[in-house]
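Inspection log for the structure reproduced underneath, given as C-alpha cells.
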C-alpha cells in the first residue's frame, strides 16, 4: 500500500519500490551488462535480487565482484545455488524474499535502457492495469537487430498494439515480448506466482495474468533481448526432445478450463493447431498426440486436425528438414 508524507507543505506519494530478480545460468559473458543496466535506471527506489542458478562458468565470481562494487548503489541480495533447479522454482524462492510493489524478471543475457522502469511505473500509475509491457530490440548472433513490434521512422510501433484486455490475443499467439513485463507484485502473488510444474514461465504467466488483469502498453523500446541458440526460448521446438513443449501442453490444458467466450475458445483452437503443427514437424510425437487428444475433446474435427492426426500416427519424421528451416529463420 502506498504511503504518503508531507514535503514543503504539500502531500506527496512515496514512489513505489520495484524489485528486479535477475536469474543467471552460465551467462558470465552477459551478466555484468544486465546488472549495470539496473543501477543505470533513472527510476528509484529499486531492489535487486540476483539468483545464480548453479552456473558452471565464471558467472558466480563475476556476480560477487560486481555486488562488492555496487552494493552502495541499490539494495542487493544474492542467492547462489550449488545445482541448477527449475527456473520457476528458483524465481519464486527469490520472490518470497522481495519487498517491492512491482516485480520484474530479468534474464542475465538481457538488459534495459535507463528509462525502462521510469516509463513502466508512469504508465501503471496512470491506469488501472496490473501489468506493463513495451517494445523490445532483439539482438541476433550475427549482429543484426529487429524490434519485436515493427516500427516507423520515429521508433514507434507502426501498427496498433493490443492493450487492456489481451487474454484472447495471448492465447492465440505470442503477442507480447515477455522480458518487457513489469507486474504488480500483489497480483503476481494472488495468482500463485510462477507454476513450478513447468519448465518455462512466460506463456503461462501471460495468460494467467491477462485472464484476471488489464495490461497497459508503453510505446518505447527500452528492453534489449538477446536471441541466442542456447537461450531457453530457442529450445521450444527442438527436434525430437523438446523440454518445453510438454509445458506448453500443460498450459493449453489449463486454458481449456479458463476460456469462456467464443473468441477465447477460437483463440485456443488456433493455438492448439499451431503447437500441434510444430510438435509434429519437429518429431515431438508424444506431446503432439496429447495436444491432438485435447483438441478432440474441445473442438469438432476438421481437415487440419485429420492431417496432423494421420501424420502423428504414422510418425513420419521430417525433423531434419524442419530443423534446417528453423535455423534458416534464426539470424
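The values are calculated or read from the model by the stated rules, or taken from the named source; none is laboratory data. Owing to the predicted nature of the structure, the values given are computational and were not obtained by experimental measurement. All Cβ positions, even for glycine, are placed from backbone atoms using ideal geometry, and neighbour counts span all protein chains on display.
Residue 171 meets all of the listed conditions (1) assigned to a helix (DSSP H, G or I); (2) over 30 Å from residue 321 (Cα atoms); (3) touching a residue at least 60 places away in the same chain (Cβ under 8 Å) but one, namely (2). With respect to the conditions (1) assigned by TED's automatic domain parsing to the domain that holds residue 144; (2) part of a loop (DSSP other than H, G, I, E, B); (3) surrounded by 15 or more Cβ atoms within 10 Å (Cβ to Cβ), residue 197 falls short on a single one, namely (3). For region 240-247, does any single residue satisfy the condition of being at pLDDT 95 or above and either more than 30 Å from residue 30 (Cα to Cα) or touching a strand residue (DSSP E or B) at 6+ places or on another chain (Cβ under 6 Å) (or both)? No, region 240-247 contains no residue that is at pLDDT 95 or above and either more than 30 Å from residue 30 (Cα to Cα) or touching a strand residue (DSSP E or B) at 6+ places or on another chain (Cβ under 6 Å) (or both).
Exactly one residue out of 288, 320, 283 is more than 21 Å from residue 257 (Cβ to Cβ) and outside any helix (DSSP H, G or I), and it is 283. Do we find that residue 132 is surrounded by 14 or more Cβ atoms within 10 Å (Cβ to Cβ), touching a residue at least 40 places away in the same chain (Cβ under 8 Å) and under 17 Å from the mean Cα position of the chain (by Cα) in this structure? In short, yes. Per the listing 320, 281, the residue uniquely farther than 30 Å from residue 187 by Cα, in contact (Cβ under 8 Å) with a residue 12 or more places away in the chain and surrounded by 15 or more Cβ atoms within 10 Å (Cβ to Cβ) is 281. Residue 138 meets each of the listed conditions (1) in a helix (DSSP H, G or I); (2) within 18 Å of the chain's Cα centre (by Cα) apart from (1). Scanning region 36-55 for residues that are in a helix (DSSP H, G or I) and without any contact (Cβ under 8 Å) to a residue 40 or more places away in the chain yields a single hit, 39.
Of all positions in region 214-229, none carries a residue that is under 22 Å from residue 18 (Cα atoms), in the same structural domain as residue 27 (by TED's automatic domain parsing), part of a helix (DSSP H, G or I) and in contact with a strand residue (DSSP E or B) (Cβ under 7 Å, 6 or more places away or on another chain).
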